[in-house]
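Data block below; observations after.
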Amino acid sequence: MQTDALRGIVFGLAATLFASGGNLLAVRNQRRGVPLLPGVAWGMAYGTLTIAVIAAVNGIEWTFDPRPGYVLSLLYLAAFGSVIAFAAYLTLLGKIGAARAGYVGVAVPVVALLLSTVFEHYQWTLPALFGAALCLAGNVLVLRPQSEASRS
């Protein structure tokens, strides 16, 4: 059990590191004038290639389910969950910067829990409420306008 917990912590820290690095690269690309959608397409192509190599190294077999439910959900995720979501996030990133846009990642779990409550009848627990409150409080503190005194 401790090995699983340690692995989860390592994966969480690695994900944070990669997400932060990706934000900084996206800002750099925007400053260099890389167009948004071609930049997203190249990033997704590199990600796909990386996943394909990892799958091949680990002997993971590719499968496809031709049933309509699978195909429709795949199309939805490809369009809305990937291309449109990344384009919207990268636009936000360019407008408000990497530091502030990064807090979207803190808000996403709260939104996911709210949607799960509505559509899946999620039952809130005390730790979930406490975590959501911390996420919301952190976002409020970080995203509030700074006073002149705190900027200097």
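The values are calculated or read from the model by the stated rules, or taken from the named source; none is laboratory data. From a predicted model like this one, the values you see are computed outputs, not experimental measurements. A quick note on method: Cβ atoms are made from the backbone with ideal geometry, for glycine too, and the neighbour counts reach across all protein chains shown.
Quick notes on this one:
- Conditions (1) under 30 Å from R144 (Cα atoms); (2) among the hydrophobic types (A, V, I, L, M, F, W, C); (3) at pLDDT below 90: number failed by W42: (1)
- Filter result (in contact with a helix residue (DSSP H, G or I) (Cβ under 8 Å, 6 or more places away or on another chain) and closer than 20 Å to S20 by Cα) within the stretch 55-94: S82, V83, F86, A87, Y89, L90, T91, L92, L93, G94
- Qualifying residue in the stretch 44-58 (condition: at positive phi, surrounded by fewer than 10 Cβ atoms within 10 Å (Cβ to Cβ) and not assigned by TED's automatic domain parsing to the domain that holds L143): no
- Where a residue in the stretch 1-21 is touching a residue at least 40 places away in the same chain (Cβ under 8 Å) and its partner, wherever it lies, is part of a helix (DSSP H, G or I), with Cβ under 9 Å and at least six apart: A19/G105; S20/A98
- Residue in the stretch 16-39 that is farther than 21 Å from L93 by Cβ and either out of contact with any helix residue (DSSP H, G or I) (no Cβ under 6 Å at 6 or more places or on another chain) or β-branched (V, I, T) (or both) present: no
- Test result for A19, assigned to a helix (DSSP H, G or I) and farther than 25 Å from V108 by Cβ: no
- Hits in the stretch 108-131 - residues which are closer than 21 Å to A19 by Cα and in contact with a helix residue (DSSP H, G or I) (Cβ under 6 Å, 6 or more places away or on another chain): V110
- Given (1) in contact with a Phe, Trp or Tyr (Cβ under 8 Å, 6 or more places away or on another chain); (2) free of Cβ contacts under 8 Å to residues at least 24 places away in the same chain; (3) closer than 22 Å to Y103 by Cα, number of the condition A55 does not satisfy: (3)
- Conditions (1) closer than 23 Å to A26 by Cβ; (2) assigned to a loop (DSSP other than H, G, I, E, B); number of the one not met by A88: (2)
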